[in-house]
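S.K.: The structure's right below; bear with me while I get my questions together.
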């Protein structure tokens, strides 16, 4: 099992001027590990990160979009996999941090926990590539090459919580967060 | 009675959308706007149609596009609007993003205003939008179409949502 923050620390080394769309605990972890203005944190409604990412990918074709989704979020918007597969943006990379629970809502199990194969669903929905990783070493050895492939790509990471990072809900829903992103995008 | 009813032009709606600089339309099909608007839009070279599985997806796509000022419109039925009100609330009102929506009022009688429709699902649309503080305008008559471009411009200038309610099936062209 991969410690979530260890995967994010690995990704920090590979993220340059990319847009990162992140949700819930993965977002809070990422904000602590790699605070930057091109982090898109205001996804508004649970489950919508992938759809925000699609909009950003289509409107900013010269940039790479990394979505840091959760399994609890994605199962609320599974249809977005089909929409993304159909539109097939080459600049769209979709990470799903699979921990099997709604972590910020009491850690209740996600439907299909332990059985759903997100990589298979993505592939069947039209994603160009999809992968599943359970060991950090395998992920670390492969992710550089994966990020050089044209998307859309889905990478399911079987994770457990790492270090406990603070949950700053006020920031992710703030106009400050949105304005920082807007200004960074337009600069 | 029906012989005196005039209908908005889908071609004119598309011209207004293009005049406002809209480059993307996200949509879930709606029978009110299908023949006169959505099918013609799907053939427009200057507008990219994004067929989404569900309305809240489309709203998120449109909202995210606004950050670099790319203009987009969500085309749907009022049933889809009702289904996605939480996304409208979060993106349009809490986040103050320029969410532009065009909504076919399925079940609305052409000769009646929405407020007098026999269809509960139609009657409640404007009161719900009013309760949420979302500006809206009716597109029933051909001349109603003339306001579309300016309302889209205003939405983006003020970074606020606007909802067009299509009360009569557009003709094409």
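The values are calculated or read from the model by the stated rules, or taken from the named source; none is laboratory data. The structure displayed is predicted, hence computed values, not measured ones. As a convention, Cβ positions derive from the backbone with ideal geometry for all residues, glycine included, and neighbour counts pool all protein chains shown.
S.K.: Out of the residues in region A:101-119 that are at pLDDT below 90 and touching a strand residue (DSSP E or B) at 6+ places or on another chain (Cβ under 6 Å), state the one that is nearest to residue A:46 (Cα to Cα).
M.R.: The residue in question is A:102.
S.K.: Identify all residues within region A:26-44 that are within 14 Å of chain B (Cβ to nearest Cβ) and buried (at least 21 other Cβ atoms within 10 Å of the Cβ); write none if there are none.
M.R.: Matches in region A:26-44: A:39, A:40, A:41, A:42, A:43, A:44.
S.K.: Still on this model: Sort out which residues of region A:32-75 are assigned to a helix (DSSP H, G or I) and either free of Cβ contacts under 8 Å to residues at least 12 places away in the same chain or within 19 Å of residue A:15 (Cα to Cα) (or both), and write them in order of number.
M.R.: Residues satisfying the conditions are A:32, A:33, A:49, A:50, A:52, A:53, A:54, A:55, A:56, A:57, A:59.
S.K.: Among (1) at pLDDT 95 or above; (2) within 22 Å of residue A:8 (Cβ to Cβ), which single condition is residue A:179 missing?
M.R.: (2)
S.K.: Can you tell me which of B:74, B:101 is within 14 Å of chain A (Cβ to nearest Cβ) and either surrounded by fewer than 24 Cβ atoms within 10 Å (Cβ to Cβ) or closer than 14 Å to residue B:57 by Cβ (or both)? Steps first, answer last, please.
M.R.: Details: B:101 fails: within 14 Å of chain A (Cβ to nearest Cβ).
The match here is B:74.
S.K.: Then there's this: Can you tell me which residues in region A:163-187 are more than 11 Å from chain B (Cβ to nearest Cβ), part of a helix (DSSP H, G or I) and over 14 Å from residue A:35 (Cβ atoms)?
M.R.: Within region A:163-187, A:169, A:170 qualify.
S.K.: Looking only at region B:66-76, how many residues end up being closer than 20 Å to residue A:173 by Cβ and in contact with a helix residue (DSSP H, G or I) (Cβ under 6 Å, 6 or more places away or on another chain)?
M.R.: Counting residues in region B:66-76 that are closer than 20 Å to residue A:173 by Cβ and in contact with a helix residue (DSSP H, G or I) (Cβ under 6 Å, 6 or more places away or on another chain) gives 1.
S.K.: Given the conditions (1) more than 12 Å from chain B (Cβ to nearest Cβ); (2) under 16 Å from the mean Cα position of the chain (by Cα), report the number of the one that residue A:138 does not fulfil.
M.R.: Looking at each condition in turn, residue A:138 falls short on (2).
S.K.: Just wondering, is there one or more residues in region B:125-147 that are crowded, with 24+ Cβ neighbours inside 10 Å, within 14 Å of another protein chain (Cβ to nearest Cβ), in contact (Cβ under 8 Å) with a residue 40 or more places away in the chain and not in a helix (DSSP H, G or I)?
M.R.: no
S.K.: If a residue has to be facing another protein chain (nearest Cβ under 7 Å), closer than 12 Å to residue A:77 by Cβ and surrounded by 23 or more Cβ atoms within 10 Å (Cβ to Cβ) to count, how many in region A:45-66 make the cut? Write out each step before concluding.
M.R.: Of region A:45-66, the ones facing another protein chain (nearest Cβ under 7 Å) are A:45, A:48, A:51-52, A:54-56, A:58-60.
If we keep only those that are closer than 12 Å to residue A:77 by Cβ too, we end up with A:45, A:48, A:51-52, A:54.
Now restrict to residues that are surrounded by 23 or more Cβ atoms within 10 Å (Cβ to Cβ): A:48, A:51-52, A:54.
Within region A:45-66, residues that are facing another protein chain (nearest Cβ under 7 Å), closer than 12 Å to residue A:77 by Cβ and surrounded by 23 or more Cβ atoms within 10 Å (Cβ to Cβ) number 4.
S.K.: Residue A:86 is checked against (1) modelled with pLDDT of 95 or more; (2) crowded, with 20+ Cβ neighbours inside 10 Å; (3) within 11 Å of another protein chain (Cβ to nearest Cβ) and fails just one. What number does that condition carry?
M.R.: Of the numbered conditions (1) modelled with pLDDT of 95 or more; (2) crowded, with 20+ Cβ neighbours inside 10 Å; (3) within 11 Å of another protein chain (Cβ to nearest Cβ), the odd one out for residue A:86 is (2).
S.K.: Next question, about the same structure. Would it be correct to say that residue A:81 is outside any loop (DSSP other than H, G, I, E, B) and either without any contact (Cβ under 8 Å) to a residue 60 or more places away in the chain or within 13 Å of chain B (Cβ to nearest Cβ) (or both)? Walk me through how you get there before you give the answer.
M.R.: Values: outside any loop (DSSP other than H, G, I, E, B): yes; either without any contact (Cβ under 8 Å) to a residue 60 or more places away in the chain or within 13 Å of chain B (Cβ to nearest Cβ) (or both): yes.
Against the criterion (outside any loop (DSSP other than H, G, I, E, B) and either without any contact (Cβ under 8 Å) to a residue 60 or more places away in the chain or within 13 Å of chain B (Cβ to nearest Cβ) (or both)), residue A:81 qualifies.
S.K.: Oh, and also: Looking at region B:25-36, is at least one residue within 12 Å of chain A (Cβ to nearest Cβ), under 16 Å from residue A:58 (Cβ atoms) and surrounded by fewer than 19 Cβ atoms within 10 Å (Cβ to Cβ)?
M.R.: So far as region B:25-36 goes, no, none of its residues is within 12 Å of chain A (Cβ to nearest Cβ), under 16 Å from residue A:58 (Cβ atoms) and surrounded by fewer than 19 Cβ atoms within 10 Å (Cβ to Cβ).
S.K.: Further, regarding this structure: Please determine, by comparing only the residues of region B:77-95 that are closer than 22 Å to residue A:172 by Cα and either without any contact (Cβ under 8 Å) to a residue 24 or more places away in the chain or more than 7 Å from chain A (Cβ to nearest Cβ) (or both), which one is surrounded by the most Cβ atoms within 10 Å (Cβ to Cβ).
M.R.: B:92
S.K.: Further, regarding this structure: So, of the residues in region B:12-21 that are within 15 Å of the chain's Cα centre (by Cα) and surrounded by fewer than 24 Cβ atoms within 10 Å (Cβ to Cβ), which turns out to be farthest from the other protein chains (Cβ to nearest Cβ)? Outline the logic, then answer.
M.R.: First, pick out the residues of region B:12-21 that are within 15 Å of the chain's Cα centre (by Cα): B:12-18, B:20.
This time we only want the ones that are surrounded by fewer than 24 Cβ atoms within 10 Å (Cβ to Cβ), so: B:12, B:15-16, B:18, B:20.
Numbers: B:12: 26, B:15: 23, B:16: 21, B:18: 17, B:20: 16 Å.
In this case the residue turns out to be B:12.
S.K.: Examine region B:42-65 for a residue that is surrounded by 21 or more Cβ atoms within 10 Å (Cβ to Cβ), in contact (Cβ under 8 Å) with a residue 40 or more places away in the chain and within 12 Å of chain A (Cβ to nearest Cβ), and state whether such a residue exists.
M.R.: Checking region B:42-65: at least one residue is surrounded by 21 or more Cβ atoms within 10 Å (Cβ to Cβ), in contact (Cβ under 8 Å) with a residue 40 or more places away in the chain and within 12 Å of chain A (Cβ to nearest Cβ).
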